[in-house]
Amino acid sequence: MCKPVELLAPAKDKKTAFAAIDCGADAVYIGAPAFGARQNAANSLDDIKEVVNYAHKFWVKVHITINTILTDSELNEAVELIKKLAEIGVDAIIIQDMGLLERLMHEHLDLPLHMSTQCDNYLPQKFKFFNDIGVSRVILARELSIEQIRNIHEENPKLELESFIHGALCVSMSGQCYLSQYIGGRSANRGECAQPCRKQYDVIDDKGNIIAKNIYPLCLKDFNGGNYIQELTDAGICSFKIEGRLKDEGYVKNIVAYYRNLLGKGTSSGRSVYHFIPNPEKTFNRGFTDYFLKGRGKCYSINSPKSKGEYLGKVTEVKKEYFVIKTDKEIHPQDGLYFNNDGCGVNKTGVNNGVAIYPNKKVNITIGTDVYRNLDVEFEKELSKPVKRQIGVSISTHNKIIELTDEDSISITETLPVGEPANNPDKMRETFIRQFSKTGEGDFYICDIKIAHNTEFPFMPVSKVNELRRTLFEKLMQKRLEVYENNRTKQKPLKHTKYFLPEVDYRANVHNKFAEEFYRNCGAKVIEPSFETKIPKRQIELMRCKHCIKYALNMCKSPKKLSLKDSHEKIYPLEFDCKECLMKILNQN
């Protein structure tokens, strides 16, 4: 890479955050005790403080998600929570609610504010608006192309741009999904999404004829932008975000390690030594897509929302008790296989011009079927082994001085202990080198030790050498933390600026009086509150998507009007804006 960029990893809890840091993340984002867009990923202030203390050793940042829309009664609590988070040393707050932004404008905190992708950060005017307000960073909508990102950066060169690089995709433009709220009262903008996009539907025409039955028309593959890292960096991205705040520790370790290897040196410190070879196909995925980075492609997974895993090969033989796959990969008992939108576990394997699979249940499979592995037990074993991150240190001595310099050029010097000269200077030198090289599971590893010929070592027993080592490393770490604190990014003062629309409707997600005040201060009239407050009494968008069902069903030129029908016989009309390349899911009139 030409310049270091931030690798931002998800963490559902303290343990996952530590794993992400150890595997090389430059920053982690984690839920606060309340108000995060993943309701099941909340963390206590004490746990967050532990994450902050560990992260900052490696100059890793901690971002906190408070990115739901809030009620009037919740705003005070959210502001007080952010003050406490600032006190414990977090590095940024990710927000969605304009009422919270309005309140924070008057608090004068220097904690950087990042505008969540839930703010529907798609139009160029939205980025200019946030840039003029003075926020530190905007997290991009997933639907933007590299060319659009480049144009946004050129128009707002000082605004930090964060882009998703990997993970599950919301089919709706972020912040513009009301389907879950409409169906069952579980708001995506309040952290309660029931994921109706992963459910089965029939696609029907306006006469009720079934075009496609029992498919998953809104289910997308998972995003993988690894092939475009350099182009995205050149376009102005400063941070690559891995989606997955509900993912387990193994997923986070594998994906963070994979992108750390792709990105090379990041914005933080230290090296990580893995016991596994990172491979994104070996953890949960529905197949991969680069989505709209380079134009429309087959981004959908309409046959199944399940994890496919890695491709193994085709079935070449089927017998009563087993089937054979032609593959160059080793398959193990207890592995999980995926095929025909279903799968099986492996009881045992054998050899028969490939790999003979004895499944743990009766399966319906034919010659030519593609088979994937969505659970590799041996890989999981390797993945479960601990990874330790350590910072490189060089040590040098001359006369009575010892100097430690870390990989970030942070140095401390200390006078060697006073004492009787060593009777055997060469042996004392060897003892010093041997004991200082033993960093074990500490936060540092030794790059090199240079002992000048004029170094005057006093006699020290091994215990004293070890004590000196511990003391020096503690002082070096303390200085690292001081340097980090002195160079911490600060939020500049915020100001109101003119909004690019004269009025906003329910899609602005105005859920409290301060959000309404914010838009009024920015010259825009709020004509109706959030969808969660009151459902408009007209036909409206329940979801707005770049994914197109007509395209997925090879019906682009068809004049037929299409709708979705769910398992409860509810109908959701579809509207296609081909000029803007958008699909909208509507409620019935």
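The values are calculated or read from the model by the stated rules, or taken from the named source; none is laboratory data. Predicted, not measured: the structure shown is a model, and the values here were computed from it. Backbone-built Cβ (ideal geometry, glycine too); neighbour counts: all protein chains shown.
Structure notes:
- Out of Ile571, Ile540, one residue alone is on the phi < 0 side of the Ramachandran plot, touching a Lys or Arg at 6+ places or on another chain (Cβ under 6 Å) and surrounded by 14 or more Cβ atoms within 10 Å (Cβ to Cβ). It is Ile571.
- Within region 12-46, considering residues that are in contact with a Gly (Cβ under 6 Å, 6 or more places away or on another chain) and of a type in the set (S, T, N, Q), the one surrounded by the fewest Cβ atoms within 10 Å (Cβ to Cβ): Gln39
- Every residue from region 565-582 that is among the charged types (D, E, K, R) and part of a strand (DSSP E or B): Lys565, Glu575, Asp577
- For Asn189, the criteria (1) in contact (Cβ under 8 Å) with a residue 40 or more places away in the chain; (2) in a strand (DSSP E or B) hold in every case but one, which is (2).
- The residues listed here are Ile367, Ile410; of these, the one that is in contact (Cβ under 8 Å) with a residue 60 or more places away in the chain and either among the β-branched types (Val, Ile, Thr) or under 30 Å from Val324 (Cβ atoms) (or both) is Ile410.
The rows are residues; the columns are (1) surrounded by 12 or more Cβ atoms within 10 Å (Cβ to Cβ); (2) among the aromatic types (Phe, Trp, Tyr); (3) out of contact with any helix residue (DSSP H, G or I) (no Cβ under 6 Å at 6 or more places or on another chain).
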residue	(1), (2), (3)
Asp370	yes, no, yes
Phe379	yes, yes, no
Gln390	yes, no, yes
Thr397	yes, no, yes
Gly419	no, no, yes
Asn423	no, no, yes
Tyr445	yes, yes, yes
Ile449	yes, no, no
Thr455	yes, no, yes
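- Among the candidates Gly343, Gly392, Gly350, residue that is closer than 30 Å to Ile451 by Cβ, assigned to a strand (DSSP E or B) and touching a strand residue (DSSP E or B) at 6+ places or on another chain (Cβ under 8 Å): Gly392
Okay, residues lined up against (1) surrounded by fewer than 17 Cβ atoms within 10 Å (Cβ to Cβ); (2) touching a Cys at 6+ places or on another chain (Cβ under 9 Å); (3) not in a helix (DSSP H, G or I):
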| position | (1), (2), (3) |
| --- | --- |
| Gly297 | yes, no, yes |
| Asn303 | yes, yes, yes |
| Ser307 | no, no, yes |
| Tyr311 | yes, no, yes |
| Glu317 | yes, no, yes |
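- Residue pairs whose Cβ atoms lie under 7 Å apart, sitting 6 or more positions apart in sequence or on different chains, and linking a residue in region 115-137 that is on the phi > 0 side of the Ramachandran plot and in the same structural domain as Ile69 (by TED's automatic domain parsing) to a partner that is of a type in the set (Phe, Trp, Tyr) and outside any loop (DSSP other than H, G, I, E, B), do not occur here.
- For beta carbons closer than 8 Å, sequence separation of 6+ or different chains, a first residue in region 29-54 that is more than 13 Å from Thr16 (Cα to Cα) and a second that is among the basic types (Lys, Arg) and part of a loop (DSSP other than H, G, I, E, B), the qualifying pairs are Gly36/Arg245; Arg38/Lys12; Arg38/Arg245; Asn40/Lys12.
- Residues that are hydrophobic (A, V, I, L, M, F, W, C), surrounded by 14 or more Cβ atoms within 10 Å (Cβ to Cβ) and over 21 Å from Ala92 (Cβ atoms) within region 461-513 comprise Val465, Leu468, Leu472, Phe473, Leu476, Met477, Phe500, Leu501, Val504, Ala508, Val510, listed in sequence order.
- Counting the residues of region 91-127 that are at pLDDT 95 or above, in contact with a helix residue (DSSP H, G or I) (Cβ under 6 Å, 6 or more places away or on another chain) and farther than 30 Å from Tyr178 by Cβ gives 1.
- Scope region 476-511; condition in contact (Cβ under 8 Å) with a residue 40 or more places away in the chain, among the β-branched types (Val, Ile, Thr) and touching a helix residue (DSSP H, G or I) at 6+ places or on another chain (Cβ under 7 Å); matching residues: Thr497, Val510
- Residue check for Gly287: farther than 30 Å from Ile410 by Cβ and without any contact (Cβ under 8 Å) to a residue 40 or more places away in the chain: no
- Residues that are free of Cβ contacts under 8 Å to residues at least 12 places away in the same chain and either more than 41 Å from the chain's Cα centre (by Cα) or part of a loop (DSSP other than H, G, I, E, B) (or both) within region 439-474 comprise Gly440, His453, Pro461, Ser463, listed in sequence order.
- Selection over region 192-224 of residues that are free of Cβ contacts under 8 Å to residues at least 12 places away in the same chain and either among the aromatic types (Phe, Trp, Tyr) or closer than 26 Å to Lys294 by Cβ (or both) gives a count of 0.
- Residue within region 93-103 that is part of a strand (DSSP E or B), in contact with a His (Cβ under 6 Å, 6 or more places away or on another chain) and buried (at least 21 other Cβ atoms within 10 Å of the Cβ) present: yes
- Filter result (among the aliphatic types (A, V, I, L, M) and more than 20 Å from Gly419 (Cβ to Cβ)) within region 442-468: Ile446, Ile449
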